[in-house]
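The values are calculated or read from the model by the stated rules, or taken from the named source; none is laboratory data. Bear in mind that the values here come from a model prediction, so they are computed numbers and not experimental data. When the accessible area is computed, the model is the full protein with side chains, heavy atoms only, and any ligands, DNA or RNA have been set aside. Shrake-Rupley method; radii C 1.70, N 1.55, O 1.52, S 1.80 Å.
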Amino acid sequence: MSESALFSEYPDVITVDDLQNMLKIGRNSAYDILKTGMIKTIKIGKKYIIPKQSVINFLADIN
């Protein structure tokens, strides 16, 4: 599967709920990944702005 087709059903900027669904992980694990910086994100107040490309890059880096 090409990178452009990966997660094509999701918008370019995703939520923590989307991240959970994409990676099939729980809420605590999703926040742990974001807090450690494993997935590049922007935090505004308490809200995370997560570029979908950051999730794709994260998956590419762990392989």
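Key figures
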read-out	value
Looking only at region 7-23, and only at residues there that are within 11 Å of the chain's Cα centre (by Cα) and assigned to a loop (DSSP other than H, G, I, E, B), the one that is nearest to ALA60 (Cα to Cα)	PHE7
In region 39-57, the residues that are part of a helix (DSSP H, G or I) and either open to solvent by 50 Å² or more (accessible area, probe 1.4 Å) or farther than 16 Å from THR15 by Cα (or both)	GLN53, ASN57
